[in-house]
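The values are calculated or read from the model by the stated rules, or taken from the named source; none is laboratory data. Since the structure is predicted, the reported quantities are computational estimates derived from the model, not experimental observations. Methodologically, a virtual Cβ is constructed for each residue, glycine included, from the backbone with ideal geometry; neighbour enumeration extends over all protein chains shown. Each accessible area value is taken on the protein alone, full model and side chains, heavy atoms only, with ligands, DNA and RNA left out. Shrake-Rupley method; radii C 1.70, N 1.55, O 1.52, S 1.80 Å.
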Amino acid sequence: MVKLNVLNLEKSEYKGGKSSLCPGCGHDQISNVIIQAAWENGIKPEGIAKMSGIGCSSKTPAYFLAKSHGFNTVHGRMPSVTTGANMINKDLAFIAVSGDGDTASIGIGQFIHAIRRNLDMVYIIENNGVYGLTKGQYSATVEKGSKKKKGTANEQAPIDLCAMAVNLGCTFVARSFSGSKKQLTALLRAAMSHRGMAIIDVISPCVTFANNDESYRSYNYVKSNDEVLHIVDYIPHFSPLSEVEVPEGEFSDISLFDGSTLRLETVSEDHDPGDAVAALRAIHEATQEGRHVTGLLYYNPNQPTATDTLGLTDTPLVGLSDEEMRPSAESLKEVNAGFRASDSS
Amino acid sequence: MDKIYNDFTINVATANGTGSQSSNLIILHSMFEMGVPVSGKNLFPSNISGLPTWFIIRASDKGYQAPGDETNIQIIMNKDTWEKDLKALEPGTIVIFNEDAKMPVERDDCICLGMPMTTMARGISPKMARLMANMYYVGGIAHLLGIDEGAISSAVEQQFRGKENAITMNLQAISEARSYASENWGDVSKFAVVARDKSSDTFLIEGNEAVALGCIYGGINMLSWYPITPSSSLAESIINWIPKLREAGDGGSTCAVVQAEDELAAAGMVLGAGWAGGRGMTCTSGPGISLMSEFIGLFYFAEVPGVIWDINRTGPSTGLPTRTQQGDLSMCYEASHGDTQHIVLIPGTVDECFEFGWRAFDYAERFQTLVFGFGDLDLGMNRWSTSGFDYPSEKMDRGKVIRTQEQMDAIPDFGRYRDVDGDGVAYRTLPGSGLAPILYRGTGHDEDGIYSEDPDVYYQAMQRLKRKIDGSRDVLPAPVIREEEEGDVGIIFYGSMENSIVEIDDMLEERGMSVSTCRVRALPYHSEVEGFIERHNRVVVMEINRDGQLYGILRKELPRHLISKLYSVAYSDGLPPKAREYANRVAEVLGD
Ligand SMILES: Cc1ncc(C[n+]2csc(CCOP(=O)(O)OP(=O)(O)O)c2C)c(N)n1
Ligand code: SF4
Ligand SMILES: [Mg+2]
C-alpha cells in the first residue's frame, strides 16, 4: 500500500526533476531530505516557494517539489528576491537553497540583512567548502589547513556562517551533514515549523573536487569528526505528544510556531539552544579541534518577522483588489485641493 | 522710471545650511501668488552645511523657465563666493548684499544696495540672527520689485505652516527690511512685478512628489529603496503619502516599504515582488542603476514586471551628485549584459510625472518586463506649475495573469513562455496559485520554462523578446509634436528640456529659422517619431549629455534613408539647460 501524508498525498507529489549533479554529490542527498521533510510535514506543495542563487547547490530546486513555484535567481542575491516576494505574499512558505560561495562570498551582504530583518524563510546552505560549479576553487567557509583534491591547503581563516547568524540574532540556527539523514530531516522539519529566519548550514561534500581525506568537508572526515550536540526528534503537531515514546535518558522539548515539537536528547553534555554564548562556544571549541558541531545551535522563537513590523493589512498584498490598491477619484481631488490651498492660503 | 515687468532673473548666492532655502521659496511663492509666471532652480552642493548654493528665480511673462542668460538682480550673502559672484555681473546689475559681511563691493558700474542684515536680525532674535538675516533680502527684493504684502504673508505662512512664532518673527524681519530699503535705497529698480490673472487651480510641485503620487495611484505594493540624491525625496514622498492614501479597511497599509541594504538588493526586491504578483518599484540615480544591472537582465529574460525610476544626476561615477543631466538614457534602454532592451518612460512636465507614475505599472504588467521612469534632478527636485493631477483615465492593466483553472483550461497549449496570442507576450501564473508551477530562471529556457541550451530554442526566445518589446512602441506615450508648415528643421528632444524649448524656439525664430519640435516621451520610440523625421529636411536631436545618447539610439534603429537627416546637439555642464547655449549650437550644426 502506498503511504500518504496528512494531506493524503503520496511522496511522489513532492518530487522534482532528474538531477544533473555528479553522482554522489551531497547536494542530492539534501534534495531528498527536503522532499521527505515537506511530505512528512504535510505542507501543501503549491504553498511553497523554492528560492535559490547560482551554483550546483542552487540548481537543486529543479530536483525537488515540482508542484511548487520557484526562482533560481542570480549569484548571491536570492535573499533580496525572497524579501520582495515575501512582502507581496507573506503566506508563502519559502524554502531556499544556497551554496557557500553564493552565501559567504558574493551574497554575504544579503545574507546578513535577511537575518537582520528576520525574513520568514528556511535558508539552507549546502556547504562544501568549494565553488563546485566553477570547478573547485576554495570558498570562504573552508577551514584553515583543509586541502581539496588539487592544489595547496587553504591558508585563510574561515567564515563560520552559523556563528555569524547567532551573532546577528538569527532566530533558528542549526548545522548538519548531508550524510546524517535522520538528524537533517528532523532539523529541517523543525525549520519548516518555525516562523522567522531558519538557517541550516549543511556540510555537503563535493565528490568531484573535495572528497579527499585531507578535505575537512569530505565524507570520511566529517563522519569521524562529527560532534553531535544532541539527538533530535521531530514530533509533528498532528501526532499527539502523549503517544510518543518517552526516551530513557535526559531530554528537553522545544515548541515550534505551528505547534510541533523538537525533542533534544542529551548526548554527553547538555546544550541549551536558548543560550547564544553557549552556541558560540560550541562552534569555536569544535573549530579549534578541527571538528564539526551539529544540531540545533540556537533558537529564539516569537520574534517579529520582516512583514510584522511594517503595519501591513492582513490580506497578503497579492490578494488585494484594484479598488484597494488605487485610491478613489475623490481622494485625488482632495490632494489637489490641499496643494492649491497651501499655494494660496 | 520705465519699468520692465515680469521679465528678469534673480540669483541668490548663499551657503547651504544657513536657512536661505526658506527665504528663496518665499520670494518664489509670493510672486507665484501674484500670478507672475515664475520658476525657481536650486543649485546646491553635495554636502550638508557650509558650501556655496545658488538659487535662481526667473520671472517671465513669456513662460520661459530656463535660467536666463544674465542675472538682473544678484543677492550676495556668501563670503566664499563673494568676489567671484560680483565679478561675473554685467554692468547695471542690481546687487543686494549683507553689509555685516564686511566685504568689499567694488562695482561702481552696478547698483549696489547694502543692508546691515545680521545686525537688524539680532534685534529680533540674537540667537537666530544668522538664519534670520536671510529674511532681510526678501524684504529688500519685495521693495525693489513691488511684491504685494499680502502675497508675502501668505508665502511666509505657507513656509512656516503652523509655527506661529516663526511666522511672526519672519514677517517682522521682512517688513523691517522693506522699510529700510524704501528709506535708504529708494526707487532704483527698473525691474518690477505686476500681478497677472492667476488661475486659482495652479500650484507648484516638485517632479519627485508628482511621481510619488502617481505611484500611489498606480497601486504600488512595495517600495524598496536605498537613499541617493536626487531620488530620495521620491521615496520619502511615497512613504509620506502611504498613511493618508493607502490604508486598507483594517487600518493596515497596502504598500510595504523596505529600506534596502543597497540598490542591488532594492532591485532584487522589486523582482521578487513582481514575480509574486505585486506592483514593486524602486527609485535611484545613475550609480544605483549601474549596481542593479545584473538584476535588470533577469527582469528582461525571465519576464518579470517591475518599475525603476532613475532620477538622473551628473555622471560618470559619483560625478556631480547634486547637478542635473540626461546621461543615463542609453544605459537605461539597454542595461545589463547580452541583448536587452527596456521600456523607458520620459516625462517632461510634473503632470506627466504623475501620469507616467501610474502608467509605468500597467506597462510593466502588460509587457511582463522592467519599465524605467526617466527623470532628472532639474525636473525632480525643482518646483514646477500644474493645474492639478488628473485621475487615471484607464483601469489598472494587470496583464496576462492566469488566476483560475478555468482560465488555464481556456488556453490551448499553455507554456509559460509560449506565444499563444502572437503578440510576443505569454501567459503567466503566480506562486501560491498551484497553477502550472515552474522554476523561474535566468538561464536559457524553452517555452515551458525548462532549462535549455538548444540553439534554436535560444534564438527563437530572443526573437520573441524583441517582438514583445517592439510591440510596445505604439502603446507607449506618443511624442508631443509642434509642427511648422515649412518642414525644414525639426528638433527632437525629451524630458526636462521641455522647460527650455519655448525659449530656444523663440531664439531660433529671431534668427529667421522656423523649427518644428518633437518631444519623445518613451523608448522604444513611437512610430510618429519616424513620421516627424520623414517630414523634415534636417532634424536636430537635442539633449543634456555629452555623447548624444538619443541620437545614437535613433541612428541605430531608424531606416537608413532617415539617418542622414540627423544632427546632434548634446551639451552638458551639470546645470539646467540654458536656452542660448542650445540655440547657438543648433544654428552652428546646421550652418545657418
Ligand atoms: C556575478 C557572477 N559571478 C560569477 C559567477 C560564476 N559562478 C557560478 S556558481 C559560482 C560559485 C558557486 O559556489 P557555491 O555557491 O559554493 O555553489 P556550489 O557549486 O559549490 O554548490 C560562481 C563563482 C556567476 N554566475 N555570477
Ligand atoms: S561539482 Fe561538486 S558540488 Fe557540483 S555537482 Fe559535482 S560534486 Fe556536487
Ligand atoms: Mg560550494
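Of all residues in the range B:420-440, those satisfying the criterion of being away from every other protein chain (no Cβ under 14 Å) and surrounded by fewer than 17 Cβ atoms within 10 Å (Cβ to Cβ) are B:420, B:421, B:422, B:423. For residue A:224, the test of being open to solvent by 30 Å² or more (accessible area, probe 1.4 Å) and of a type in the set (Gly, Ala, Ser) is passed.
Picking from A:34, A:30, A:48, which residue would you name as being in contact with an Asp or Glu (Cβ under 7 Å, 6 or more places away or on another chain), open to solvent by less than 60 Å² (accessible area, probe 1.4 Å) and within 29 Å of residue A:239 (Cβ to Cβ)? After applying the criteria, what remains is A:30. Considering only residues in the range A:136-153 that are in a loop (DSSP other than H, G, I, E, B), buried (at least 19 other Cβ atoms within 10 Å of the Cβ) and among the hydroxyl-bearing types (Ser, Thr, Tyr), the one that is farthest from ligand 1 (Cβ to nearest atom) turns out to be A:146. Just a yes or no: is a residue in the range A:63-70 in a strand (DSSP E or B), more than 16 Å from ligand 3 (Cβ to nearest atom) and in contact with a strand residue (DSSP E or B) (Cβ under 6 Å, 6 or more places away or on another chain)? Yes. When the range B:533-592 is filtered for residues that are buried (at least 18 other Cβ atoms within 10 Å of the Cβ) and among the aromatic types (Phe, Trp, Tyr), the ones remaining, listed by number, are B:551, B:567, B:582.
Per-residue answers, yes or no, for (1) among the aromatic types (Phe, Trp, Tyr); (2) touching a strand residue (DSSP E or B) at 6+ places or on another chain (Cβ under 9 Å):
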{"site": "B:173", "(1), (2)": "no, no"}
{"site": "B:181", "(1), (2)": "no, yes"}
{"site": "B:191", "(1), (2)": "yes, yes"}
{"site": "B:204", "(1), (2)": "no, yes"}
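Just one of the listed residues (A:112, A:125) is within 16 Å of ligand 2 (Cβ to nearest atom) and in contact with a Leu (Cβ under 8 Å, 6 or more places away or on another chain), and it is A:125. How many residues are in a loop (DSSP other than H, G, I, E, B) and within 23 Å of residue B:150 (Cα to Cα) when one looks only at the range B:1-29? Qualifying residue count for the region: 3. Evaluation of residue A:23 against the conditions (1) in contact (Cβ under 8 Å) with a residue 60 or more places away in the chain; (2) facing chain B (nearest Cβ under 7 Å); (3) outside any helix (DSSP H, G or I) shows that the sole unmet condition is (2).
When A:101, A:145, A:179 are checked against the criterion of being of a type outside the set (A, V, I, L, M, F, W, C) and more than 16 Å from ligand 2 (Cβ to nearest atom), a single residue qualifies: A:145.
Within the span defined as the range A:53-69, every residue fails to be away from ligand 2 (no atom under 16 Å from the Cβ), open to solvent by less than 10 Å² (accessible area, probe 1.4 Å) and touching a Leu at 6+ places or on another chain (Cβ under 7 Å).
Across the range A:308-329, the qualifying residues are those that are in a loop (DSSP other than H, G, I, E, B) and among the hydroxyl-bearing types (Ser, Thr, Tyr), and the one among them that is surrounded by the fewest Cβ atoms within 10 Å (Cβ to Cβ) is A:321.
Remark: pairs (first residue in the range A:134-150, closer than 18 Å to residue A:75 by Cβ; second residue surrounded by fewer than 16 Cβ atoms within 10 Å (Cβ to Cβ) and of a type outside the set (S, T, N, Q); Cβ separation under 8 Å; 6+ apart in sequence or on different chains) = A:136/A:150. Considering the range A:43-57, the residues that are part of a strand (DSSP E or B) and closer than 9 Å to residue A:97 by Cβ include one that is nearest to ligand 3 (Cβ to nearest atom), namely A:52.
Can we say residue A:200 is more than 13 Å from ligand 3 (Cβ to nearest atom) and more than 14 Å from chain B (Cβ to nearest Cβ)? Yes. May I ask you to list the residues in the range A:240-271 that are assigned to a loop (DSSP other than H, G, I, E, B), surrounded by 13 or more Cβ atoms within 10 Å (Cβ to Cβ) and within 24 Å of the chain's Cα centre (by Cα)? Selection gives A:256, A:257, A:258, A:260, A:271. Checking each residue of the range A:98-107 against the condition of being within 14 Å of chain B (Cβ to nearest Cβ), more than 19 Å from the chain's Cα centre (by Cα) and closer than 26 Å to residue B:291 by Cα gives no match.
When each of A:103, A:60 is tested for being within 16 Å of ligand 3 (Cβ to nearest atom) and more than 27 Å from residue B:257 (Cα to Cα), the lone residue that passes is A:60. Within the range A:128-175, if we keep just the residues that are within 16 Å of ligand 3 (Cβ to nearest atom) and among the polar types (S, T, N, Q), the residue that is nearest to the other protein chains (Cβ to nearest Cβ) turns out to be A:134. One residue alone among B:124, B:111, B:147 is open to solvent by less than 10 Å² (accessible area, probe 1.4 Å) and touching a residue at least 24 places away in the same chain (Cβ under 8 Å), and that residue is B:147.
What residue, among those in the range A:77-90 that are in contact (Cβ under 8 Å) with a residue 12 or more places away in the chain, within 7 Å of chain B (Cβ to nearest Cβ) and not hydrophobic (A, V, I, L, M, F, W, C), is nearest to ligand 3 (Cβ to nearest atom)? Once the filter is applied, the top-ranked residue is A:77.
Only residues that are within 36 Å of the chain's Cα centre (by Cα), more than 7 Å from every other protein chain (Cβ to nearest Cβ) and within 14 Å of residue B:217 (Cα to Cα) were counted across the range A:308-345, and they come to 1.
Against the conditions (1) within 14 Å of chain B (Cβ to nearest Cβ); (2) open to solvent by 10 Å² or more (accessible area, probe 1.4 Å); (3) within 27 Å of the chain's Cα centre (by Cα), residue A:305 satisfies every one except (2). Looking across B:228, B:216, B:220, B:238, one residue alone is open to solvent by less than 10 Å² (accessible area, probe 1.4 Å), under 24 Å from residue B:40 (Cα atoms) and modelled with pLDDT of 95 or more. It is B:238.
Yes or no, residue by residue, for (1) within 9 Å of ligand 1 (Cβ to nearest atom); (2) in a loop (DSSP other than H, G, I, E, B); (3) at negative phi; (4) crowded, with 24+ Cβ neighbours inside 10 Å:
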| site | (1), (2), (3), (4) |
| --- | --- |
| A:86 | no, no, yes, yes |
| A:95 | no, no, yes, yes |
| A:98 | yes, no, yes, yes |
| A:102 | yes, no, yes, yes |
| A:105 | yes, no, yes, no |
| A:109 | no, no, yes, no |
| A:114 | no, no, yes, yes |
| A:126 | yes, no, yes, yes |
| A:134 | yes, yes, yes, no |
